[in-house]
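J.: Before anything else, here's the structure in question.
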Amino acid sequence: MLHERLIEALGAGAVKTSPEDLAVYAFDAYSQAPPPAAVVLPANTRDVAAVVKIANDCGEPIVARGAGTGLCGGAVPLHRGIVISFARMNRMLELDARNRRARVQPGLVNLDLSRTVESSGLFYAPDPASQKSSTIGGNCGTNAGGPHCLGYGTTVNHVLGLEVVDHQGETFTTSIDDVGYDLTAALVGSEGTLGIITAIDVRLLRLPEAVRVWLAAFGDVESASGCVSAIVAAGIVPTALEIMDDVIVKAVEAAFGAGYPLDAGAVLLIEHAGFADDMDEREHAIERIAAEHGALSWRAARTQAERDALWAGRKGAAGATGRIAPNYYTQDVCVPRSKLPAALHFVQESARRHGLTVGNVFHAGDGNLHPLLMYDRRETKQVAAVIETGNEILQACVELGGTISGEHGVGVEKREAMTLVYSTEDLAAMANVRDVFDPKWKLNPEKIFPAGTRCPELP
Ligand SMILES: Cc1cc2nc3c(=O)[nH]c(=O)nc-3n(C[C@H](O)[C@H](O)[C@H](O)COP(=O)(O)OP(=O)(O)OC[C@H]3O[C@@H](n4cnc5c(N)ncnc54)[C@H](O)[C@@H]3O)c2cc1C
């Protein structure tokens, strides 16, 4: 019945029902769930609305899916249901270069957007390290950040409006120019629980006149992160401040030969974009602070090729850890910048106590840590150690005044951890918002909220 109705509405080519096809959609980059009942690949907003209406008639929940690179189980279907993949809605629909904005479909890959508008002298700023594959729709789902979000802000700062299909299959639009409640901001970061995004108006920025990238090497991550705090405290906000420790640098160099020093305990990658005339002054100021904080060496990447190589290494860091262990788990936590040294010390200690190798690669300027815990998923003891270490790090960062996610979202992974930072009353207030958008919690059920916050009416 469900399959027939979906095929009737969208055509057989847009509906996947075979077990081997469905199995592919049971994963994201964090977890696995039972396969969905059906996967649909709509071609337009009308198709999405039709699918939501059929899902309602058949009592099936719906999970929106971009590229499935999410790191908290947000795109996995916990209750079978229908997965809406936006793989075919992957185009830029309109470019308004004069007003520096574009309308895009949710399945457009993040990096493809910047590549498409580059010839107009523009770019799209939020750049998650997954930008070669993650989609603008998925980035809206998680309010994705990225290395350059220190200077430019996260996804929510670059979304001007949305087209959304609601829980009943009706379409509405939002705009940041609307007076009254800012529904755009409410939807960005809602992980597919408030509505299905079918088009996005994005802000584009002018390519900067000048860009410089510098690399400072330190004896350890604590001194590198102390330097980061000092740079920002001095009133300098570079576009990116990224740290990698020696474990990560070794893996990156083996994979990419990007030019990072192998004899440092940690490296700080600094990028500043702006006017050409300001660059020398900025460089001297940052280099001086780095020296005061014990930098062992300082290097400027003078050519585009050198800059690209350093960034390719940084953005490929997670994949490069395949050289260390068959699996890694990424913890995503935030602390106030000044608490980075303490948080990093705790990460090292906790991993050591549990006998795990940990590598740190993170958005230091935002205080957003990403300890990568290496393990082999076939070894149950290692899996248990990773879970325990991950939880300890989460708890410690909250105690340091931080929070449970910097950018990856809550999904399934951190729904219970929400109680570490929100009271029962806070969660009830948030659940009320969800009730308004989706009274039966059919859109991505059981995500974000701890079990028992509400009883979703599921089959
Ligand atoms: C190697 C690696 C590096 C990463 N680096 C970063 C990083 O630097 N910064 C960062 O923030 N994240 C990072 N991530 C995590 C991930 O890439 C982001 O969360 C990204 O935004 C997910 O995009 P996606 O297209 O893969 O979405 P998916 O994983 O498919 O979905 C993510 C969430 O968005 C929802 N969603 C998807 N499409 C829609 C839609 N059209 N309407 C409503 N909801 C929707 C889904 O239901 C789900 O809850 C990284 C992941 C990997 C594997």
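J.: Among Asn143, Asn157, Asn139, which is the only one that is open to solvent by 20 Å² or more (accessible area, probe 1.4 Å), within 8 Å of the ligand (Cβ to nearest atom), touching a residue at least 12 places away in the same chain (Cβ under 8 Å) and not basic (Lys, Arg)? Write out each step before concluding.
T.: Details: Asn157 fails: within 8 Å of the ligand (Cβ to nearest atom); Asn139 fails: open to solvent by 20 Å² or more (accessible area, probe 1.4 Å).
Unique residue meeting the criteria: Asn143.
J.: Please go through the stretch 51-75 and pick out each residue that is surrounded by fewer than 20 Cβ atoms within 10 Å (Cβ to Cβ) and touching a helix residue (DSSP H, G or I) at 6+ places or on another chain (Cβ under 9 Å). Even if it seems obvious, please write down each step before you answer.
T.: So the first thing to find is which residues in the stretch 51-75 are surrounded by fewer than 20 Cβ atoms within 10 Å (Cβ to Cβ), and the list is 53, 56-59.
Across the stretch 51-75, the qualifying residues are Lys53, Asp57, Cys58.
Conditions (1) outside any strand (DSSP E or B); (2) under 25 Å from Gly153 (Cβ atoms), marked per residue:
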{"residue": "Ile289", "(1), (2)": "yes, yes"}
{"residue": "Gly313", "(1), (2)": "yes, yes"}
{"residue": "Gly322", "(1), (2)": "yes, no"}
{"residue": "Tyr328", "(1), (2)": "no, no"}
{"residue": "Phe346", "(1), (2)": "yes, no"}
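J.: Quick one: which residue in Ala75, Ala12, Ala50 is among the hydrophobic types (A, V, I, L, M, F, W, C) and away from the ligand (no atom under 16 Å from the Cβ)?
T.: On the way: Ala75 fails: away from the ligand (no atom under 16 Å from the Cβ); Ala50 fails: away from the ligand (no atom under 16 Å from the Cβ).
Result of the check over Ala75, Ala12, Ala50: Ala12.
J.: What residue, of Asp177, Asp112, Asp127, is near the ligand (Cβ under 8 Å from one of its atoms) and either of a type in the set (S, T, N, Q) or out of contact with any Phe, Trp or Tyr (no Cβ under 8 Å at 6 or more places or on another chain) (or both)?
T.: Of Asp177, Asp112, Asp127, the one residue that is near the ligand (Cβ under 8 Å from one of its atoms) and either of a type in the set (S, T, N, Q) or out of contact with any Phe, Trp or Tyr (no Cβ under 8 Å at 6 or more places or on another chain) (or both) is Asp127.
J.: Within the stretch 417-428, identify whether any single residue is touching a residue at least 12 places away in the same chain (Cβ under 8 Å) and on the phi > 0 side of the Ramachandran plot, and answer yes or no.
T.: Quick first cut of the stretch 417-428, residues touching a residue at least 12 places away in the same chain (Cβ under 8 Å) only: 417-421, 427-428.
Add one more test, that the residue is on the phi > 0 side of the Ramachandran plot, and what stays is none.
No, the stretch 417-428 contains no residue that is touching a residue at least 12 places away in the same chain (Cβ under 8 Å) and on the phi > 0 side of the Ramachandran plot.
J.: Of the numbered conditions (1) over 21 Å from Asp366 (Cβ atoms); (2) surrounded by fewer than 16 Cβ atoms within 10 Å (Cβ to Cβ), Val421 fails exactly one; give the number of that condition.
T.: Status for Val421: all satisfied but (1).
J.: Only residues in the stretch 253-270 that are assigned by TED's automatic domain parsing to the domain that holds Ala240 and closer than 16 Å to Val213 by Cα count as the first member; pair them with residues that are among the hydroxyl-bearing types (Ser, Thr, Tyr) and surrounded by fewer than 14 Cβ atoms within 10 Å (Cβ to Cβ), Cβ under 8 angstrom, at least 6 apart or cross-chain, and list the lot.
T.: Going by the 8 Å Cβ cut-off, the qualifying pairs are Pro261/Ser297.
J.: From (1) part of a loop (DSSP other than H, G, I, E, B); (2) more than 16 Å from the chain's Cα centre (by Cα); (3) modelled with pLDDT under 95, pick out the condition that doesn't hold for Gly169.
T.: (3)
J.: In contact with a strand residue (DSSP E or B) (Cβ under 8 Å, 6 or more places away or on another chain), closer than 30 Å to Ser119 by Cα and assigned to a strand (DSSP E or B), is that true of Leu268? Reasoning before the result, please.
T.: Values: in contact with a strand residue (DSSP E or B) (Cβ under 8 Å, 6 or more places away or on another chain): yes; closer than 30 Å to Ser119 by Cα: no; assigned to a strand (DSSP E or B): yes.
For Leu268, the condition - in contact with a strand residue (DSSP E or B) (Cβ under 8 Å, 6 or more places away or on another chain), closer than 30 Å to Ser119 by Cα and assigned to a strand (DSSP E or B) - is not met.
J.: If you take the residues in the stretch 1-27 that are out of contact with any Lys or Arg (no Cβ under 8 Å at 6 or more places or on another chain), within 29 Å of His408 (Cβ to Cβ) and outside any helix (DSSP H, G or I), which one is least open to solvent (accessible area, probe 1.4 Å)?
T.: Residue satisfying both the conditions and the ranking: Ala26.
J.: Given the condition open to solvent by 40 Å² or more (accessible area, probe 1.4 Å) and touching a Phe, Trp or Tyr at 6+ places or on another chain (Cβ under 7 Å), answer yes or no: does some residue in the stretch 383-391 qualify?
T.: yes
J.: Do any strands (runs of 3 or more DSSP E) entirely within the stretch 35-129 hold 2 or more residues that are farther than 25 Å from Gly11 by Cβ, and if so, which? Show your work before the answer.
T.: Values: elements: 38-40, 62-65, 82-85, 92-96, 101-104.
In the stretch 35-129, the matching strands (runs of 3 or more DSSP E) lie at 92-96, 101-104.
J.: Looking at the stretch 366-373, is at least one residue open to solvent by 30 Å² or more (accessible area, probe 1.4 Å), outside the structural domain of Gly145 (by TED's automatic domain parsing) and not small (Gly, Ala, Ser)? Talk me through it step by step, then tell me what you get.
T.: Here is the first cut: in the stretch 366-373, the residues open to solvent by 30 Å² or more (accessible area, probe 1.4 Å) are 366.
Adding the requirement that they be outside the structural domain of Gly145 (by TED's automatic domain parsing) leaves 366.
Still in the running and not small (Gly, Ala, Ser): 366.
Yes - at least one qualifying residue is present in the stretch 366-373.
J.: Now for a separate question. Go through (1) outside the structural domain of Val164 (by TED's automatic domain parsing); (2) more than 8 Å from the ligand (Cβ to nearest atom) for Arg65 and report which single condition fails.
T.: The single condition Arg65 does not satisfy is (2).
The values are calculated or read from the model by the stated rules, or taken from the named source; none is laboratory data. Just so we're clear, the structure is a prediction, and the values are computed from it rather than from any experiment. When we count neighbours, we look across all protein chains shown, and the Cβ atoms used for this are built from the backbone with ideal geometry, even at glycine. For accessibility, only protein heavy atoms count, side chains too; no ligands or nucleic acids. Shrake-Rupley method; radii C 1.70, N 1.55, O 1.52, S 1.80 Å.
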